[in-house]
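The values are calculated or read from the model by the stated rules, or taken from the named source; none is laboratory data. Fair warning: this is a prediction, and the values are worked out from it, not measured in the lab. Here the Cβ positions follow ideal geometry from the backbone for every residue, glycine too, while neighbour counts run over all protein chains shown. The accessibility values were calculated without ligands, DNA or RNA, using every heavy atom of the protein model including side chains. Shrake-Rupley method; radii C 1.70, N 1.55, O 1.52, S 1.80 Å.
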Amino acid sequence: MNKNSSNTMALAPNTSNKRETVCIFGTGDFGRALGHKMIQSGYPVVYGSRSTQTSSLIPKDAEVLSHAEAAQKAAVIIIAVQRQHYNFLTPLAEILHGKVLVDISNNLKINQYPDSNAEYLAQLVPGAKVVKAFNTVSAWALQSGTLDASRQVFVCGNDIEAKQMVMDIVRALGLTPLDQGSLLAAREIENYPLQLFPMWKFPILLSLGLTAFFFFYCLIRDVIYPYIYENKDFSFFIAISIPNRICPVLALILLALVYVPGVLAAIIQLYRGTKYRRFPDWLDKWMLCRKQLGLVALAFASLHVLYTLVIPIRSFVRWRISSQTISQAQKNETEPLNITNAWLSDSYLALGILGFFLFILLGITSLPSVSNNVNWREFRFVQSKLGYLTLVLCTAHTLVYGGKWFLSPSSYRWYLPNAYMLSLIVPCIVLVLKFVLIFPCLDKPLTQIRQGWERNPQYSE
Amino acid sequence: MNKNSSNTMALAPNTSNKRETVCIFGTGDFGRALGHKMIQSGYPVVYGSRSTQTSSLIPKDAEVLSHAEAAQKAAVIIIAVQRQHYNFLTPLAEILHGKVLVDISNNLKINQYPDSNAEYLAQLVPGAKVVKAFNTVSAWALQSGTLDASRQVFVCGNDIEAKQMVMDIVRALGLTPLDQGSLLAAREIENYPLQLFPMWKFPILLSLGLTAFFFFYCLIRDVIYPYIYENKDFSFFIAISIPNRICPVLALILLALVYVPGVLAAIIQLYRGTKYRRFPDWLDKWMLCRKQLGLVALAFASLHVLYTLVIPIRSFVRWRISSQTISQAQKNETEPLNITNAWLSDSYLALGILGFFLFILLGITSLPSVSNNVNWREFRFVQSKLGYLTLVLCTAHTLVYGGKWFLSPSSYRWYLPNAYMLSLIVPCIVLVLKFVLIFPCLDKPLTQIRQGWERNPQYSE
Amino acid sequence: MNKNSSNTMALAPNTSNKRETVCIFGTGDFGRALGHKMIQSGYPVVYGSRSTQTSSLIPKDAEVLSHAEAAQKAAVIIIAVQRQHYNFLTPLAEILHGKVLVDISNNLKINQYPDSNAEYLAQLVPGAKVVKAFNTVSAWALQSGTLDASRQVFVCGNDIEAKQMVMDIVRALGLTPLDQGSLLAAREIENYPLQLFPMWKFPILLSLGLTAFFFFYCLIRDVIYPYIYENKDFSFFIAISIPNRICPVLALILLALVYVPGVLAAIIQLYRGTKYRRFPDWLDKWMLCRKQLGLVALAFASLHVLYTLVIPIRSFVRWRISSQTISQAQKNETEPLNITNAWLSDSYLALGILGFFLFILLGITSLPSVSNNVNWREFRFVQSKLGYLTLVLCTAHTLVYGGKWFLSPSSYRWYLPNAYMLSLIVPCIVLVLKFVLIFPCLDKPLTQIRQGWERNPQYSE
């Protein structure tokens, strides 16, 4: 990097490789990291600071001046100080008039202040063009160049030219600017980096709870019961056999829970006779995390597939099959093929394969890049039609798997039914309700309601 | 939501949290749904209607005025009426002068009118700035908030400022605006929501047809034949064995069909000696659905993998293996390891695994977000080089699987060869033709033709 | 296409379906291909050429004029000549004043010239508005319509209006314009189509080298050793058994190598006491290809899973199991279930399944469309926390798989340990170092350094 360039005014035309000087107010960690990166990308950088002594921490090629002097050297000024200290800008209002102020600040909590920091800044310095940017980038990532992901920089601002200038800087640093519109978007942009998978919290907590419940349930039935009554040590079931009972059970229940809110919403709308009243809050929230519920269900289904496919490699299974064969050979008898068993075994496997296949398809269409490329009609077709088909196939898979054991007393240990029987409750209810709802006598008024018709218009007055 | 704000003129500056009043012409379902959503997002909404009586269906916080009065209150007017009634706007031309008119209309059929609705609107009210938007969003989804996917709103218009204003509204409603350029794009935007996987129709119909054919073919060979001649009931083969014959056959044929049009195009260009003449229509269409053909082939290949991997869990297979073992044990003989069999079995499995692995890679690179991140050279490398390698591996997998049975008379029941033999026809032809085409004596002129050279320039006159 | 339209000046307003005339300088292959496509999309096209004789190669509906005449007919002029010949434009400067010049040129080598072609063009014709576009599109793809992928056209330029005009043309041709900012971006855009997976070179070469090494290592141990000492022909191990040893070994080593640079960087920063000094170049490069290393590791892990799941279908494995069963049946003995073996077998399978499952999750989050939808905090959580958990699970999987054989002399043939023992070296070192680094006495100063604190500030002077 050329050492002198930072001292010369950026008068070079835009078309040449010379970049225009950028001013940074504040010499904190993020200000320094951004300055380093900008100097690397060819921008002359000048810092505005209360104390104009060059600190050793500040990038060598940068100049440190007073706020007023620094501001005069550049068209773009990055405000790398915290919101609490923004009022030092008020006396500079005249110098800052017409300048592009880039607000890069973040808050500590979601919705910490009534207005966003960028809007507060725009109010403090009305003559400046405020642009919000860079707040989603980490100082450490900027410095170390490890921007594997999240190269995206959300940019918003009311002045299109100013936004364009900031977006050019973002691109020059090797990042991807995303125009988020006017400064009104600043609030959302400031909240964004504080989130940690907010939509996933409920589905993950729910599945953890259900996993714990079914783990102990299966432990009692499959390990403790045979240990007490038959004195057999099946403790190793904890590794594969029990997870392979929990996973399909959770996959089925969670998949069914994806379709519960839709059915409930239909019932509520039919009962109320209008679509113009809000659903209860819990239903709204449930609706919004259906995609996440479905993906968690898909994760359990995938684990179930893997656990099932390794069955023939398991040492225990090999021992059991070999023992059976040997005992048959010793008895000198040959068992004939049981056609019913062959049918049942092949059917539930086939149903499971098809269900899992459709489930994977649903998962692929929920990838952002895929769902952005389908229109509303196509998305509805996939998520609703294919989704219900998946649920039907998976429920049938479980029913056929259970098959003849449903009524067999041997499958009730300590009066506890098999886990898969419990898992069938929710999907069966959902499928029955959905089946009822597609009858014309209910489907027709529902369609009308969804098109805006109201049964008792006076209610919504 | 503040009830009064809808009565005050939207004079608040853009930087404050106050949103500018939006006017909606038309109180139909979509107009009401959009109004609800806008009020929720903080916009004062005023409806323009023929009858100014407030209907109970209209959102409570909205005002209903005559068209002229409503239009004067807002800078942005959403036209939520159908194209047939647009002519009511002609007398309002003076009031609408300089306003932003948002056309949200959809048609019932693709290319229903010679010009797009938005262009028709622009022609009717020449003084207004027409912007096309919102037509891809469903009223039901807007209202219920269930915008899991398709948050994308295509926006187009000739006036950049007007487009910017509409895009800000789109963002404020929690949707993602996509700038599609000038109003010329309106036609495509209006056709978009009417599509239902147009590119997938041919591949899916073709594969359904082939599936039906091969299902009955295998049914005759594998179920009916043994039932008649050996009186064995193999009806349960319908669940897994027959699908596991159909899937690999279809995967191979469809994968080969992906590469047929490229080979045909090369032959046509070589024959014509120019690239400046259009291909026959069917070839153009075939070329455009190659990606979809390949993905359907991948789906069948994935099903084949799943069906194959559950083989050792099948009750029938366990019975057969155990019967064989018992009969050997009873005969007191130990079969030595057949090295040839071990080689054949391991080879076709290994070829299948590698072929499937490359196939999955091809599938991943055809995800929109991945293919957008590779350049043309990289895409050609993956789709052409890796694609042909996949075809070679899968064909080899089938050939080695067939192995020594090709000439065995026992594999011809009722003179019908095995399904996999039929599946080899297309891929073998494609591979032979491609092999011929990479000889320098053909590759060289082909490369020249593709660079613009012509053999008989007078032809294209 | 209407033949006459190309002769009339483009005076039609933008809102009508008439498109404005586009001028193309140069009648080479790309100029002709682009012209064809534009005429198809409804643009009147006029070519500017030194010789104004209509060549048969030029699209029939286009007109060919002298450069000066052609330029006067259109507002947008596409420069389809090579950079070396740009100086013919200097005498035309007056006519080109205010016109939009579209630079579509590409170079033969990366960074061939000190300035980009577009910037050079802007310097030659200072009065024109230069826009860079179309260079990433292939002429052959344009003509044949086979734009399966890479519909993206990068556009950059200093004049926003000019850029908008070019982006509208791009959209009209059915391509997707991507605004890359000012003309400074032209250099990068010109380098883009010359790349062939630059980030993948090192990971792929490394894995090819390791694959070759481990192939011969396993060949010696598993095929040549038993052939010499036991005279057994296990040559068919080359198809599945040996790949299934190489794949997990490479997956584990490459996964561990993903986390080496992070640990090294932490050690270097702790040693130096500052984050404001650049890492050695090799470490920077290593950091930048971590994602690719991880994905190659995932590919090997997936192959390992497939190879493992087909084990029970292999002819050799069926023969071995059946032989063991028969010999046991003949000895008339029944082996009791070995609980330790059952535990070991189930544990390493379960660990492998969970490790692979998390690995797939990591792979999905590295899809561009997914990683663009998570913020920095979420990305760090997934890639760092889940990544280390994956490494721990996969290392444990290998350790438990090895189990009791570690010290058994039979697993050392020719003093060569099993391949999986070698594969454990790197992951164990990484995990131990990481474990040491999370101790508070090291973690605290490291966190401070990464927040900008310096131990010896004078060093960075």
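Scan region C:23-41 residue by residue and report those that are open to solvent by 30 Å² or more (accessible area, probe 1.4 Å), over 16 Å from B:E454 (Cα atoms) and not polar (S, T, N, Q).
Scanning region C:23-41 gives a single hit, C:K37.
Answer yes or no as to whether A:K285 is touching a Ser or Thr at 6+ places or on another chain (Cβ under 6 Å), farther than 23 Å from A:A350 by Cα and open to solvent by 20 Å² or more (accessible area, probe 1.4 Å).
It is false that A:K285 is touching a Ser or Thr at 6+ places or on another chain (Cβ under 6 Å), farther than 23 Å from A:A350 by Cα and open to solvent by 20 Å² or more (accessible area, probe 1.4 Å).
Between a residue in region B:340-363 that is facing another protein chain (nearest Cβ under 7 Å) and crowded, with 19+ Cβ neighbours inside 10 Å and any residue that is hydroxyl-bearing (S, T, Y) and not in a helix (DSSP H, G or I), which pairs come within a Cβ distance under 9 Å, given they are 6 or more apart or on different chains?
The qualifying pairs are B:D346/C:S241.
Regarding region C:252-274, can at least one residue be identified that is open to solvent by 20 Å² or more (accessible area, probe 1.4 Å) and in a loop (DSSP other than H, G, I, E, B)?
Within region C:252-274, none of the residues are open to solvent by 20 Å² or more (accessible area, probe 1.4 Å) and in a loop (DSSP other than H, G, I, E, B).
Assess whether A:L309 counts as being within 14 Å of chain C (Cβ to nearest Cβ) and in contact with a Gly (Cβ under 8 Å, 6 or more places away or on another chain).
No.
Taking A:T176 and the conditions (1) more than 9 Å from every other protein chain (Cβ to nearest Cβ); (2) open to solvent by 30 Å² or more (accessible area, probe 1.4 Å), which numbered condition does it fall short on, given that it satisfies the others?
Condition not satisfied by A:T176: (1).
For C:L108, indicate whether it is at pLDDT below 85, open to solvent by 10 Å² or more (accessible area, probe 1.4 Å), within 14 Å of chain B (Cβ to nearest Cβ) and farther than 23 Å from B:F381 by Cα.
When the stated conditions are applied, C:L108 does not pass them.
Is there a residue being at pLDDT below 90, surrounded by 14 or more Cβ atoms within 10 Å (Cβ to Cβ) and not aliphatic (A, V, I, L, M) anywhere in region A:418-433?
yes
May I ask you to say which residue of C:S369, C:S327, C:S384 is surrounded by fewer than 16 Cβ atoms within 10 Å (Cβ to Cβ), under 30 Å from C:K291 (Cα atoms) and not basic (K, R)?
Exactly one residue qualifies, and that residue is C:S384.
Might you check whether a residue that is in contact (Cβ under 8 Å) with a residue 24 or more places away in the chain and small (G, A, S) occurs anywhere in region B:368-377?
Within region B:368-377 (the criterion being in contact (Cβ under 8 Å) with a residue 24 or more places away in the chain and small (G, A, S)), the answer is no, since none of the residues qualifies.
Would you check which residues across region B:111-125 are open to solvent by 20 Å² or more (accessible area, probe 1.4 Å), touching a residue at least 12 places away in the same chain (Cβ under 8 Å), part of a loop (DSSP other than H, G, I, E, B) and of a type outside the set (D, E, K, R) and list them?
B:N111, B:Y113
Taking helices (runs of 4 or more DSSP H) that fall entirely within region C:322-429, which contain at least 2 residues that are over 30 Å from C:I220 (Cα atoms) and assigned by the TED database to the domain that holds C:L254?
Qualifying helices (runs of 4 or more DSSP H): C:339-365, C:368-371, C:376-380, C:387-402.
Looking only at residues in region A:260-306 that are within 14 Å of chain C (Cβ to nearest Cβ) and of a type outside the set (A, V, I, L, M), which one is farthest from B:K60 (Cα to Cα)?
Filtering region A:260-306 for residues that are within 14 Å of chain C (Cβ to nearest Cβ) and of a type outside the set (A, V, I, L, M), the one farthest from B:K60 (Cα to Cα) comes out as A:H304.
How many residues are surrounded by fewer than 20 Cβ atoms within 10 Å (Cβ to Cβ) and among the hydrophobic types (A, V, I, L, M, F, W, C) if we restrict to region B:179-195?
1
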